[in-house]
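Chemist: Below is the structure I would like to discuss, written out as structure tokens.
The values are calculated or read from the model by the stated rules, or taken from the named source; none is laboratory data. Here the structure is a predicted model, which means the values were calculated and not measured. Neighbour counts run over all protein chains shown; Cβ positions are idealised from the backbone, glycine included.
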């Protein structure tokens, strides 16, 4: 019989605990598994992020090491290979992390750590592809770098192009990697999950990925652009050096023109390449577009500068062929100079526009522009080379406008200086030429003798300087002595003032030339003809007339009545006439060379009274100024009061300094004169000077105004001096003046009347101290001592010896010029003073 198994209605159901326990066990198992997976994913994320952080630090360190380094430094074989190896190491580390994290990509559903794991895995994939693409890109450019380092005077652009073409497979693969990295970067949904360092790395990727894309496009679509850019960089750098001295327009006009034409051609080729690159770069990155636009602006600027400055260079050659200041040359310059000025102003506007665009780009654009433009400087001053070239061209053009009278008629004084009777700026003033120039044409020349410039009563002339009053017995400052101040801008002002007082004529500037320059021009021109002598006059014969050894006739047409001055006048006329006449191409280099050599030796000095026009003269020290410097300084100035014996006297200078960064500089100066005359001068009277007799020299030494404890022995007057003969006091001629007037405020002047008799030697010792601050600390215990020694115009080449005692145990780091000898703590430097010299001694303590 069947039993009823239905439970009674009042009985409770059996317990369901086993099922509940089974379900809870399932969820607990899932939770445990999830926790384990989460812990594993978290561990992966944590280790990945730590490794990524380390990679980011490595990349940041590598990027920082690239900042501020020149293209030459980056592409040096060792540096470039090390850079590729560094990226390869980073690439290997990223690839290892990427492989270890592939399994974690499918666990993105894991709560908490899953999204981070997914983001980290995508990040590692992107970073790995980017590193691989970067390495391939650099390897692709390796042949180009090797061609760049091959050496030689110029770049072989064809070899560069072929090298890039041979690396085409590398660039194709690199382009695929970079495109993949770019896609993965766009897929990153939450970079903030990577942490602060991970986000910094993403930002760095955003900065450098466009650079690599552009580099690949350049190599594939415009390979010649690399050669153009590097060659352009080299040419612009060389021109910046050579053209920094505007005399290159005169000395090498055809060469300079050709170099600027090369700049124009390469800049236009680069411009076309940039247009191609811009059209082929994918993605529309705003920074890339802006940087490419800035590079296009730069290439347009370089093309404009190359064309304009090339025309400027050609103009100087054409002017010399026509004859400077002839009507034909004046007409040519009148047509060309305004057009060139307008184009330079346009180039200046372009420069400002490019500078503005560049300043908005930051370091990424700086690196990109350096890669594409090639002609840029450092990242901190990217347009320094272009700005320098443009400034030189503009400054030179403005000076010519002023000098040649294109804005207003000009009047200048040309004064001849006789260096045998040495004076502060080159010699005693003899011939005076008043020159009228209007719109590039020489309109008039008026010759005078310096003795005839002053009004005979001399009442309007100022009081003479004390040495002229004492030793020339002149109470008034006469025109012939106007160049007493060694600072030529001050002397030129005095010359113009006395000329206006005596002649009632105001001038716009003063040009001083020594007789040595005139004689050098005679040689450069192949000889000269003067009215009262037959045949062609060579340099040697002309010099005998200049020195008064040969007699030249004076005629009523001459401004002077002295035979020597009459010859000087006719010689000046003949040389000026030849200089301003059409000139044969074979003569031009010699003539220009003589003029430029005279600028270096200060046998020609120029000062104009317009402040803007004078900037060019100040900048290149063509105005004979005493330069204010923040280090040691020395200039020695002779003045014959009176006489012409300087040519038979040799001067030698020895200067000794003891250096210690903790102590004042101890300076000792020895100035020695050796009179080479063989015939004794028994009278040796100041009022009876002879060409080979006693050298009646008033000596002045200029040292920094901070010099103290100046020690000089008495400089007694010789028996033959008029001051002593007439019984005037004091008998000691020594004077020490701190900050004299007339542009000499930064100096101390040590002066004395120091004659030398035939066959005798005279030596004057001077010692003083300079502050230790005159030594400049460079860093790492290295200090620099500098001495500027300026040459007096009109003086012959003379030997100078600098003795430097270094601190005990110090090491010599650098010496310019090179040492003649070194023993213990002592360094000796010997030079022949042909012009101003800056001595540099660096030492480490």
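Chemist: Which members of the stretch 675-684 meet the condition of being touching a strand residue (DSSP E or B) at 6+ places or on another chain (Cβ under 7 Å) and either over 14 Å from residue 763 (Cα atoms) or surrounded by fewer than 16 Cβ atoms within 10 Å (Cβ to Cβ) (or both)? Before the answer, list the steps.
Modeler: Quick first cut of the stretch 675-684, residues touching a strand residue (DSSP E or B) at 6+ places or on another chain (Cβ under 7 Å) only: 675-676.
The answer is 676, and nothing else.
Yes/no per residue for (1) touching a helix residue (DSSP H, G or I) at 6+ places or on another chain (Cβ under 9 Å); (2) in the same structural domain as residue 714 (by TED's automatic domain parsing); (3) at pLDDT below 95:
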{"residue": "739", "(1), (2), (3)": "no, yes, yes"}
{"residue": "750", "(1), (2), (3)": "no, yes, no"}
{"residue": "753", "(1), (2), (3)": "yes, yes, yes"}
{"residue": "756", "(1), (2), (3)": "yes, yes, yes"}
{"residue": "765", "(1), (2), (3)": "no, yes, no"}
{"residue": "769", "(1), (2), (3)": "no, yes, no"}
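Chemist: Further, regarding this structure: For the stretch 611-631, enumerate the residues that are closer than 30 Å to residue 659 by Cα and surrounded by fewer than 16 Cβ atoms within 10 Å (Cβ to Cβ).
Modeler: Scanning the stretch 611-631 gives 627, 628, 629, 630.
Chemist: Scan the stretch 398-453 for residues that are crowded, with 22+ Cβ neighbours inside 10 Å, in a helix (DSSP H, G or I) and out of contact with any strand residue (DSSP E or B) (no Cβ under 9 Å at 6 or more places or on another chain) and jot them down.
Modeler: Answer for the stretch 398-453, where residues must be crowded, with 22+ Cβ neighbours inside 10 Å, in a helix (DSSP H, G or I) and out of contact with any strand residue (DSSP E or B) (no Cβ under 9 Å at 6 or more places or on another chain): just 400.
Chemist: Another question, if that's okay. Which of (1) at pLDDT below 80; (2) surrounded by fewer than 19 Cβ atoms within 10 Å (Cβ to Cβ) does residue 186 not meet, given it meets every other one?
Modeler: (1)
Chemist: Further question: Based on what the data block shows, is residue 812 surrounded by fewer than 20 Cβ atoms within 10 Å (Cβ to Cβ), under 30 Å from residue 418 (Cα atoms) and out of contact with any helix residue (DSSP H, G or I) (no Cβ under 7 Å at 6 or more places or on another chain)?
Modeler: Working: surrounded by fewer than 20 Cβ atoms within 10 Å (Cβ to Cβ): yes; under 30 Å from residue 418 (Cα atoms): no; out of contact with any helix residue (DSSP H, G or I) (no Cβ under 7 Å at 6 or more places or on another chain): yes.
No, not satisfied.
Chemist: Check the stretch 213-225 and report whether any residue there is more than 28 Å from residue 162 (Cβ to Cβ), at pLDDT below 85 and in contact with a helix residue (DSSP H, G or I) (Cβ under 6 Å, 6 or more places away or on another chain).
Modeler: At the first step, the residues of the stretch 213-225 found to be more than 28 Å from residue 162 (Cβ to Cβ) are none.
Among the residues of the stretch 213-225, not one is more than 28 Å from residue 162 (Cβ to Cβ), at pLDDT below 85 and in contact with a helix residue (DSSP H, G or I) (Cβ under 6 Å, 6 or more places away or on another chain), which makes the answer no.
Chemist: Being over 23 Å from the mean Cα position of the chain (by Cα) and either buried (at least 17 other Cβ atoms within 10 Å of the Cβ) or in contact (Cβ under 8 Å) with a residue 40 or more places away in the chain (or both) is the filter here; which residues of the stretch 832-845 pass it?
Modeler: Of the stretch 832-845, the ones over 23 Å from the mean Cα position of the chain (by Cα) are 832, 843-845.
Matches in the stretch 832-845: 843, 844, 845.
Chemist: Quick check on my filter: what residues within the stretch 566-584 are surrounded by 14 or more Cβ atoms within 10 Å (Cβ to Cβ) and touching a residue at least 60 places away in the same chain (Cβ under 8 Å)?
Modeler: 568, 569, 572, 573, 576, 579, 580, 583
Chemist: Could I ask something else about it? Run residue 469 past the list (1) surrounded by fewer than 18 Cβ atoms within 10 Å (Cβ to Cβ); (2) touching a strand residue (DSSP E or B) at 6+ places or on another chain (Cβ under 7 Å) and report the number of the one that doesn't hold.
Modeler: (2)
Yes/no matrix, rows are residues, columns are (1) surrounded by fewer than 22 Cβ atoms within 10 Å (Cβ to Cβ); (2) touching a residue at least 24 places away in the same chain (Cβ under 8 Å); (3) over 17 Å from residue 760 (Cβ atoms):
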{"residue": "655", "(1), (2), (3)": "no, yes, yes"}
{"residue": "661", "(1), (2), (3)": "yes, yes, yes"}
{"residue": "669", "(1), (2), (3)": "yes, yes, yes"}
{"residue": "686", "(1), (2), (3)": "no, yes, no"}
{"residue": "694", "(1), (2), (3)": "no, yes, no"}
{"residue": "709", "(1), (2), (3)": "yes, yes, yes"}
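Chemist: Which one of 611, 628, 619, 586 is at pLDDT below 95 and touching a helix residue (DSSP H, G or I) at 6+ places or on another chain (Cβ under 8 Å)?
Modeler: On the way: 611 fails: touching a helix residue (DSSP H, G or I) at 6+ places or on another chain (Cβ under 8 Å); 628 fails: touching a helix residue (DSSP H, G or I) at 6+ places or on another chain (Cβ under 8 Å); 586 fails: touching a helix residue (DSSP H, G or I) at 6+ places or on another chain (Cβ under 8 Å).
619 is the lone residue from the list that is at pLDDT below 95 and touching a helix residue (DSSP H, G or I) at 6+ places or on another chain (Cβ under 8 Å).
Chemist: Is it true that residue 682 is outside any helix (DSSP H, G or I), free of Cβ contacts under 8 Å to residues at least 12 places away in the same chain and more than 23 Å from residue 804 (Cα to Cα)?
Modeler: On the way: outside any helix (DSSP H, G or I): yes; free of Cβ contacts under 8 Å to residues at least 12 places away in the same chain: yes; more than 23 Å from residue 804 (Cα to Cα): yes.
Considered against the rule, which asks whether it is outside any helix (DSSP H, G or I), free of Cβ contacts under 8 Å to residues at least 12 places away in the same chain and more than 23 Å from residue 804 (Cα to Cα), residue 682 comes out as yes.
Chemist: Determine whether residue 730 is without any contact (Cβ under 8 Å) to a residue 12 or more places away in the chain and either outside any strand (DSSP E or B) or crowded, with 20+ Cβ neighbours inside 10 Å (or both).
Modeler: Numbers: without any contact (Cβ under 8 Å) to a residue 12 or more places away in the chain: yes; either outside any strand (DSSP E or B) or crowded, with 20+ Cβ neighbours inside 10 Å (or both): yes.
In short, yes.
Chemist: Condition first: in contact with a helix residue (DSSP H, G or I) (Cβ under 9 Å, 6 or more places away or on another chain) and either assigned to a helix (DSSP H, G or I) or on the phi > 0 side of the Ramachandran plot (or both). Now tell me which residues in the stretch 542-562 satisfy that.
Modeler: Hits for the stretch 542-562 are 542, 543, 545, 546, 548.
Chemist: Let me spell it out: the conditions are (1) under 43 Å from the mean Cα position of the chain (by Cα); (2) free of Cβ contacts under 8 Å to residues at least 40 places away in the same chain; (3) surrounded by 14 or more Cβ atoms within 10 Å (Cβ to Cβ), and residue 563 meets all of them except one. Which number is the exception?
Modeler: (1)
Chemist: How many residues, within the stretch 383-438, are over 32 Å from the mean Cα position of the chain (by Cα) and more than 22 Å from residue 453 (Cα to Cα)?
Modeler: 3
To keep it simple, each residue is scored yes or no on (1) in contact with a strand residue (DSSP E or B) (Cβ under 7 Å, 6 or more places away or on another chain); (2) more than 24 Å from residue 733 (Cα to Cα); (3) part of a strand (DSSP E or B).
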site	(1), (2), (3)
767	yes, no, yes
777	yes, yes, yes
784	yes, yes, yes
794	yes, yes, no
803	yes, yes, yes
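Chemist: Restricting to the stretch 733-754, name every residue that is free of Cβ contacts under 8 Å to residues at least 12 places away in the same chain and out of contact with any strand residue (DSSP E or B) (no Cβ under 9 Å at 6 or more places or on another chain).
Modeler: Going through the stretch 733-754, the residues free of Cβ contacts under 8 Å to residues at least 12 places away in the same chain turn out to be 740-741.
Answer for the stretch 733-754, where residues must be free of Cβ contacts under 8 Å to residues at least 12 places away in the same chain and out of contact with any strand residue (DSSP E or B) (no Cβ under 9 Å at 6 or more places or on another chain): just 741.
Chemist: Consider only pairs whose beta carbons are under 6 Å apart and that are at least six residues apart or on different chains; among these, list those whose first residue lies in the stretch 620-637 and is within 15 Å of residue 745 (Cβ to Cβ) and whose second residue is surrounded by fewer than 20 Cβ atoms within 10 Å (Cβ to Cβ).
Modeler: Sorted first by the residue in the stretch 620-637, then by its partner, the pairs are 628/746; 629/788; 633/788.
Chemist: While we're on this one: Inside the stretch 632-646, can you point out the residues that are at pLDDT below 90 and either farther than 19 Å from residue 798 by Cα or surrounded by fewer than 15 Cβ atoms within 10 Å (Cβ to Cβ) (or both)?
Modeler: The initial filter retains those residues of the stretch 632-646 that are at pLDDT below 90, namely 642-646.
Of everything in the stretch 632-646, those that are at pLDDT below 90 and either farther than 19 Å from residue 798 by Cα or surrounded by fewer than 15 Cβ atoms within 10 Å (Cβ to Cβ) (or both) turn out to be 642, 643.
Chemist: Any residue that is in contact (Cβ under 8 Å) with a residue 40 or more places away in the chain and within 26 Å of residue 168 (Cβ to Cβ) - is there at least one of those in the stretch 299-307?
Modeler: Yes, that holds for at least one residue.
Chemist: Can you find a residue that is part of a helix (DSSP H, G or I), crowded, with 20+ Cβ neighbours inside 10 Å and either within 21 Å of the chain's Cα centre (by Cα) or modelled with pLDDT under 90 (or both) anywhere in the stretch 324-335? Break it down stepwise before answering.
Modeler: Taking the stretch 324-335 first, the residues part of a helix (DSSP H, G or I) are 327-335.
From what's left, crowded, with 20+ Cβ neighbours inside 10 Å: 329-330, 333.
From the residues that got through so far, the ones that are either within 21 Å of the chain's Cα centre (by Cα) or modelled with pLDDT under 90 (or both) too are none.
Checked against the condition, which is being part of a helix (DSSP H, G or I), crowded, with 20+ Cβ neighbours inside 10 Å and either within 21 Å of the chain's Cα centre (by Cα) or modelled with pLDDT under 90 (or both), the stretch 324-335 yields no hits at all.
Chemist: Listed residues 592, 649, 608, 587; which is buried (at least 19 other Cβ atoms within 10 Å of the Cβ), more than 30 Å from residue 703 (Cα to Cα) and in contact (Cβ under 8 Å) with a residue 40 or more places away in the chain?
Modeler: 592
Chemist: Here's another thing I want to ask about it. Scan the stretch 486-495 and give yes if some residue there is modelled with pLDDT under 95 and assigned to a helix (DSSP H, G or I), otherwise no. Show your work before the answer.
Modeler: At the first step, the residues of the stretch 486-495 found to be modelled with pLDDT under 95 are none.
Looking for residues that are modelled with pLDDT under 95 and assigned to a helix (DSSP H, G or I), one finds none in the stretch 486-495, hence no.
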